[in-house]
1. Just for the Cα atoms in the chain, what are the lengths along the principal axes, largest first, rounded to whole Å?
2. I'd like the FRET efficiency for residue 153 and residue 96, computed as 1/(1 + (r/R0)^6) with the beta carbon distance as r and R0 of 30 Å, rounded to 0.05.
3. Does anyone have the angle between helix 283-308 and the longest principal axis of the chain? Alpha-carbon axes, 0 to 90°, nearest 10?
4. Viscosity 1.567 mPa s, temperature 4 °C: Stokes-Einstein D of the stretch 55-162 from its Kirkwood Cα radius, in µm² per second?
5. Against the longest principal axis of the chain, how steep is helix 54-72, in degrees 0 to 90 to the nearest 10, with axes from Cα atoms?
6. For the stretch 58-110, list log₁₀ I(q)/I(0) at each q in 0.15, 0.25 Å⁻¹, using the Debye formula over Cα point scatterers of equal strength and ignoring solvent, two decimals each.
7. Give the calculated FRET efficiency between residue 140 and residue 66 to the nearest 0.05, with a Förster radius of 30 Å applied to their Cβ-Cβ distance.
8. Give me the distance in nm between label points sitting 7 Å out from Cα along the Cα-to-Cβ direction at residue 265 and residue 319, one decimal.
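Read the figures in this text as sums done on the coordinates, not as results from a lab. Predicted model, so just to flag it, every value in this text is computed and none were measured. No Cβ is skipped: glycine too gets one built from the backbone with ideal geometry, and neighbour counts run over all protein chains shown.
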Ligand code: AMP
Ligand code: MG
């Protein structure tokens, strides 16, 4: 199935290339439009870029994504994360990238009272989210895993990281946001003026569309994957969503359980939110916040936005209501019958 999907994706890309992406002028032939389909970080990624030699630039981008995957992977032997997790309490040296992501994640962890916690890995394992063999953990197993969770015990000094024995870190909630920032930096560096970067639903747009109009990004309807709950029109922004529809399962008790965990009790966060989208210029921050705000729930997420600003947000609640921040008023479009409310600063 996965192979068939990959093949279809490749076919799609091939068709797009055959559709004529080349722009010929008298002296040189330059590629002005290119597409890349990449499977990395357990995610189907899709990038569309416009500018001179866009195809070559996308090859550089792909290499960068694969090298970041090697650093951040929790399972790949000798990745930075693997090395930290297998140090048995000893201090280890890691790359600048890992330090940067760790520092940002710990900062948001502090600011959100631990709603984001990069040491949750043992709890995710207890639920089977790390192996796809999902199940409700027994009470004892969950308590044992929760006892190992405490982002406050992650110590960083220059490029050195130390965590207690048996503790494990995992950057799954933030790595794709950092990666999209890196992709956009490379695209800028090579003078690409327009691009759409979609890392498995984490979208980052660069510039406007080549015709100068704004990019239209659909926010998935958490209750119906074939629909969008709204569409935002923007340029130069990351649009990052955390939803309860990804990596979820229905257990024997007939209830649905999902992959975003509340570190305070080790259970899937169930505070009224089914999806939260964070929009801003810093992909890593948006990614960290989308996960953290999901855990905080509607009321505390709104409070966080009112006190911290610098990002826009769209929350879909479990009763299908949509809350969105005032900065989006001019660029958000809904179906007429969507129940919604604009959030203002107090
Ligand atoms: P995202 O899709 O960005 O919200 O990230 C969710 C992923 O981060 C999950 O699949 C887990 O691997 C991990 N995760 C789940 N809950 C948390 C949490 N409260 N803090 C940090 N990471 C989490
Ligand atoms: Mg996230």
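1. Extents along the principal axes: 71, 50, 42 Å.
2. According to the calculation, E is roughly 0.85.
3. 60 degrees
4. Estimated via Stokes-Einstein, D reaches 84 µm²/s.
5. So the helix axis and the longest Cα principal axis differ by about 10 degrees.
6. -0.48, -1.01
7. That pair, residue 140 with residue 66, gives E of 0.15.
8. It works out to 2.0 nm between the two label points.
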